[in-house]
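The values are calculated or read from the model by the stated rules, or taken from the named source; none is laboratory data. Because the structure is predicted, anything quoted here is derived from the model rather than measured. Positions of Cβ are generated from backbone atoms using ideal geometry, with glycine treated the same way; all protein chains shown enter the neighbour counts.
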Amino acid sequence: MTTVSYAQKLTTNEPHKALTTGGKRGVGRNNAGRITVRHKGGGHKRLLRDVDFTYKKQVPAVVETIEYDPNRTGFIGLLLYKDGERRYALLPGSVKVGDTIVAAEDAAATPGNRLPIKNVPIGGFVYNVELKPGNGAKIGRAAGVHIEVIARSNGYVDLKMPSSEVRKVQETCWATVGEVSNDEHHLESIGKAGRSRWKGVRPTVRGTAMNPVDHPHGGGEGRQGRGLRRAKSAWGKPTGKGQKTRSPKKYSNYLIVSRRKVGKRSK
């Protein structure tokens with residue numbers, strides 16, 4: 001079992017109380033109590049931090065603290081704006097306490113600043129990217145990830161995603177410069193089943209270990225192959241590596257320049 005060395009990176013153990021709230025977490029059940037999403041439930045109680053993903057406040061802010069957020073993999077920071085207001089934001093890896101960041105049309109393309117993606121230099125790294133102008137950051141929010149700006153034309157910017165997909169986004173969408181903090185997260189090893197339960201992840205049973213009535217891969221004497229050319233989910237849908245599951249008529253297909261590479265990626 002391995003963990004991230006938080007003591008060297010975080011500056012406080014307590015969140016800003018005014019920006020936290022309680023509430024019941026989703027445990028994969030509907031209003032009738034039936035499981036609709038498998039493998040979810042339990043876990044340690046969490047406080048929800050009100051993280052700002054819209055950045056509509058275009059006033060310079062100073063990073064007061066760098067904090068752990070149990071609801072996401074990257075670190076968040078408490079920003080103190082010039083007018084005295086405080087907000088949480090997802091921080092890039094290179095920003096430190098005392099640094100000043102700003103969201104503005106003419107902001108410099110330095111880590112932590114937020115600006116329209118058309119103003120980010122080709123080859124630059126961004127995160128917290130909008131998919132529709134003014135809709136708030138939707139993609140590029142996991143620990144250690146970055147999205148590369150690779151081209152601009154006809155009102156769109158081509159972005160290379162962490163998955164290796166190349167996608168068009170309107171040039172008026174906003175993004176934050178840099179890459180998400182906590183880049184050591186991918187090196188973390190859960191180590192034991194109990195730690196997954198602390199995170200709210202319930203056990204996953206292999207289809208080959210089930211009976212035929214429960215899964216298409218089930219049944220047979222002893223261990224054997226699935227007996228099917230294509231791997232399936234419990235409901236008969238295609239699953240596993242190398243199989244396309246995206247709808248051929250998905251509304252955003254025209255924005256995909258190059259599909260992601262499946263299987264083992266070489267970086």
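Odds and ends about this structure:
- Meets criteria (free of Cβ contacts under 8 Å to residues at least 40 places away in the same chain, assigned by TED's automatic domain parsing to the domain that holds E67 and not in a strand (DSSP E or B)) for V27: no
- Taking the listed residues R152, R141, the one that is closer than 30 Å to Q8 by Cβ and of a type in the set (K, R) is R141, with no other qualifying.
- Residues located in the range 41-63, provided they are over 26 Å from V180 (Cα atoms) and either within 21 Å of the chain's Cα centre (by Cα) or among the hydroxyl-bearing types (S, T, Y) (or both): G41
- Verdict on T20 being more than 22 Å from G98 (Cα to Cα) and over 21 Å from the mean Cα position of the chain (by Cα): no
- Residue in the range 30-39 that is touching an Asp or Glu at 6+ places or on another chain (Cβ under 9 Å) and among the hydroxyl-bearing types (S, T, Y) present: no
- Residue pairs whose Cβ atoms lie under 7 Å apart, sitting 6 or more positions apart in sequence or on different chains, and linking a residue in the range 200-212 that is of a type outside the set (S, T, N, Q) to a partner that is outside any loop (DSSP other than H, G, I, E, B), are G200/K40; R202/K40.
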